[in-house]
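To start, the structure itself, in structure tokens.
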Amino acid sequence: MDIIRRCRFEDTSNYNELNELLECDFLIIDDLGTEPVTPYSYSELFNIINTRILNKKKMLISTNFQLNDIIQNYPERITSRILGHFTLFKFYGEDIRIQKKFKK
């Protein structure tokens, strides 16, 4: 969201950075659910996901949210695209950061 905000409002001359999010071959959206919760962030997230789906661009979205959390925290137009266009994989295990901290 910081890249998008900066490109749209602060440094509009660097619009290529925003275009790369939409056009790159493979986009990873890491840690969905940690971005600021605002109408603006929802709008931009929707635009990225929807544009890439329409252009058949590959994406991977990772999150610590359960499926129900996504449904409760995101507008229907975002959740419908995630649920309708992505294959969901659940990974279970211990938090590596916590394991490393207590291993010392």
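Every read-out reported here was derived from the displayed coordinates using simple, explicitly stated rules and does not represent laboratory data. It should be emphasised that the depicted structure is a prediction, and the values quoted were computed from it without experimental measurement. Positions of Cβ are backbone-derived with ideal geometry, glycine not excepted, and every protein chain shown enters the neighbour counts.
Summary table below
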quantity: Packing rank of 44-53, 81-90, where each peptide gets the mean count of other beta carbons within 10 Å, highest leading; calculated: 44-53, 81-90
quantity: Likely footprinting exposure, Thr34, Thr79, fewest C-beta neighbours within 10 Å first; calculated: Thr34, Thr79
quantity: Length released on extending from Ile53 to Ile98, taking residue separation times 0.36 nm less the Cα-Cα span; calculated: 12.7 nm
quantity: Residue-averaged [θ]222 nm for the chain, counting only DSSP H segments that reach four residues, each worth -39500 (n - 2.57); calculated: -14500 deg cm²/dmol
quantity: Residue-span extension gain [Glu76 to Ser43] - 0.36 nm each, minus C-alpha spacing; calculated: 10.7 nm
quantity: Pairs beyond 26 Å (Cα-Cα), from Lys56/Lys90; Lys57/Lys101; Lys57/Lys90; calculated: Lys57/Lys101
quantity: 16 Å tail of the calculated P(r), the chain, as % of Cα pairs; calculated: 63
quantity: Cα-only radius of gyration and Dmax that characterise the stretch 60-104, units Å; calculated: 14.3, 45
quantity: Magnitude of the charge dipole, the stretch 2-103, Cβ model with Lys/Arg +1 and Asp/Glu -1, debye to 20; calculated: 340
quantity: Listed residue (Thr87, Asn73, Ile49) projecting farthest to the positive dipole end of the chain, Cβ model; calculated: Thr87
quantity: Within the stretch 19-45: backbone nitrogen closer than 18 Å to the Phe65 label point (7 Å, Cα to C-beta); calculated: 28-45
quantity: Computed over the chain: relative contact order in percent, which uses C-alpha pairs under 8 Å that are six or more apart; calculated: 26
quantity: Span-like helix ranges in the chain, DSSP H, alpha carbon extent 15 angstrom or more, Kyte mean at least 0.0; calculated: 39-54
